[in-house]
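Chemist: Please find one structure pasted underneath; my questions will follow.
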Amino acid sequence: MQKKNKANLALGISAAGFVGTLAAGGSGFAAGLFHHGFLAATIGGLADWFAVTALFRKPLGISYRTDVLRRNRKRIMDAIVTFTSDDLLSTENIMRVIRNQDTAGLLVDYLEHRGGREGVVEVVDAVVLKIVNDLDSESLARELAPAVREGLQGLALENILIELVRMLGEERHAKRILHSALSISEQVLQSPAMQQVLLDNIKVLRKEYEGESAGRAFILSALGLDDKEILAIFNEKAKQGIKDLLSEQTEGYARLKAGFEGMVLSFSNDASLRSVLGEWKERWLEQMDIEGLIASWIENALKGEAPFWLPNLNAFVEQRIDGFVHSENWQHRFDRMLKDLIESELTKHHELIPGLIRERLDEFSDDALVTFVEDKVQDDLQMIRINGSIVGSLVGMALYVLVWAAERMWGL
């Protein structure tokens, strides 16, 4: 049963008891005791009913000093706003609660045990991808192109190339180059295409050698030196020559190596080479579409759902999270900075709190406000009515006993 029904029942019982004992009120002590108890309970219950009802409406149509909540709405609202903003939600009170919290510990728990690490990585990826994919490639390339062109023009590319050429003349590089060239030469020599070229040239040379001389043709025929046999002899000699050179033990290899190193050194010291390379660089820069290359690189390499830099970004974020989780110093600094930031923002924008509270309260109409408040305190107010009836009955019976005892003692 609701408290309001209980309070009404208590008042009804009191009134019924008062009426029921009215005729027997003076017929004896017990009847008088109950009669005055019911009378006082009825008076107390009615008084408390009137007081409780007067808070929210006009009991019995009486308007004087009743309907308290509606009549004093502005004053009550102002008091609520002032109390809530200046006392309950003051910066000092809020910060007192916040400073007792380990914000860094909460963040570590979120990162390690509540899926926060994955969430942070996803958010960072989404934000950075959004920023990069929204870039205007052409505008960015237009801004970067002059700086890139200037950097390339200032780059002494000809000096770098000459230095590379000079490095090729060093012994360890020269040996590798010669070995590679000789190995390639051997493979080229044995290729069908080269063999056919050599055979064709042998045929031409043989005809020129024989000419109109039957003796030369007879000697070559007697020795069995046809075109293919001559080619086989040449292949054998060439193969052996290349093998000897690859062994690095022959005088021919030493002369070849010395000649190559000398050629490269002479080539690197040639002043005209530097000039040629410089002119080539200038022409290359003039013809190169640097802006288009940059724009194409941004579109094809930087943008997309899974660009090349995304794993590196994820690794960087993971490292920063690991560093935070395992560093008490970082956590202490984060905790202090966050709390200082919150306090600073609360101090700067605390005036917003009264406005927010008042705005929320102003959403209630008078009837809605009365219903809201009444629902929240109804049970307690109805208990006041019930207690009023109980206390009234006890006081009424106590007064009756005192009067009855006085009448007996003094014969009143």
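The values are calculated or read from the model by the stated rules, or taken from the named source; none is laboratory data. Not measured: the values here are computed from a predicted model. Backbone-built Cβ (ideal geometry, glycine too); neighbour counts: all protein chains shown.
Chemist: For region 64-87, how many residues are part of a helix (DSSP H, G or I), exposed (fewer than 12 other Cβ atoms within 10 Å of the Cβ) and among the basic types (K, R)?
Modeler: Here the count works out to 2.
Chemist: Can you spot a residue in region 377-384 that is in contact (Cβ under 8 Å) with a residue 40 or more places away in the chain, more than 25 Å from A51 (Cβ to Cβ) and either in the same structural domain as L55 (by TED's automatic domain parsing) or surrounded by 13 or more Cβ atoms within 10 Å (Cβ to Cβ) (or both)?
Modeler: Within region 377-384, not a single residue is in contact (Cβ under 8 Å) with a residue 40 or more places away in the chain, more than 25 Å from A51 (Cβ to Cβ) and either in the same structural domain as L55 (by TED's automatic domain parsing) or surrounded by 13 or more Cβ atoms within 10 Å (Cβ to Cβ) (or both).
Chemist: While we're looking at this one, here's another question. Yes or no: Q331 in contact with a Gly (Cβ under 8 Å, 6 or more places away or on another chain), over 30 Å from R142 (Cβ atoms) and not charged (D, E, K, R)?
Modeler: Yes, satisfied.
Chemist: Please state which of the following conditions V52 fails to meet, knowing it meets all the rest: (1) more than 60 Å from the chain's Cα centre (by Cα); (2) among the hydrophobic types (A, V, I, L, M, F, W, C); (3) surrounded by 17 or more Cβ atoms within 10 Å (Cβ to Cβ); (4) closer than 24 Å to D375 by Cβ.
Modeler: Here V52 clears every test but (1).
Chemist: Still on this structure: Residues in region 114-128: is at least one exposed (fewer than 14 other Cβ atoms within 10 Å of the Cβ) and either more than 27 Å from the chain's Cα centre (by Cα) or modelled with pLDDT under 90 (or both)?
Modeler: yes
Chemist: Here's another thing I want to ask about it. Scan region 358-412 for residues that are within 14 Å of R73 (Cβ to Cβ) and of a type in the set (G, A, S) and jot them down.
Modeler: Selection gives S365, A368.
Chemist: Looking only at region 81-92, decide whether some residue is more than 30 Å from E374 (Cα to Cα) and within 49 Å of the chain's Cα centre (by Cα). Steps first, please.
Modeler: The initial filter retains those residues of region 81-92 that are more than 30 Å from E374 (Cα to Cα), namely 91-92.
Checking the rest, the ones that are also within 49 Å of the chain's Cα centre (by Cα) come to 91-92.
Within region 81-92, one or more residues are more than 30 Å from E374 (Cα to Cα) and within 49 Å of the chain's Cα centre (by Cα).
Chemist: Here are some conditions: (1) more than 19 Å from the chain's Cα centre (by Cα); (2) under 30 Å from Q101 (Cα atoms); (3) in contact (Cβ under 8 Å) with a residue 12 or more places away in the chain. E318 meets all but one. Which one does it not meet?
Modeler: (1) is the only condition that E318 fails.
Chemist: Right, something else. Among the residues of region 223-263, how many are more than 19 Å from V204 (Cβ to Cβ), assigned to a loop (DSSP other than H, G, I, E, B) and of a type in the set (D, E)?
Modeler: So the count comes out to 1.
Chemist: Mind checking whether some residue in region 293-300 is exposed (fewer than 12 other Cβ atoms within 10 Å of the Cβ) and among the charged types (D, E, K, R)?
Modeler: No: zero hits.
Chemist: Determine whether region 349-362 contains at least one residue that is farther than 30 Å from L55 by Cα, part of a loop (DSSP other than H, G, I, E, B) and not charged (D, E, K, R).
Modeler: Checking region 349-362: at least one residue is farther than 30 Å from L55 by Cα, part of a loop (DSSP other than H, G, I, E, B) and not charged (D, E, K, R).
Chemist: Scanning region 331-376 for residues that are polar (S, T, N, Q) and surrounded by 12 or more Cβ atoms within 10 Å (Cβ to Cβ), which turns out farthest from T82 (Cα to Cα)?
Modeler: Selected residue: Q331.
Chemist: V97 - would you say it is within 13 Å of the chain's Cα centre (by Cα) and either in a helix (DSSP H, G or I) or at pLDDT 90 or above (or both)?
Modeler: Numbers: within 13 Å of the chain's Cα centre (by Cα): no; either in a helix (DSSP H, G or I) or at pLDDT 90 or above (or both): yes.
No, not satisfied.
Chemist: Continuing with the same structure: List, please: which pairs have Cβ atoms under 9 Å, are six or more places apart or on different chains, and start with a residue in region 111-131 that is free of Cβ contacts under 8 Å to residues at least 24 places away in the same chain and end with one that is part of a helix (DSSP H, G or I) and of a type in the set (V, I, T)?
Modeler: Filtered contacts from region 111-131: G116/V108; G116/I321.
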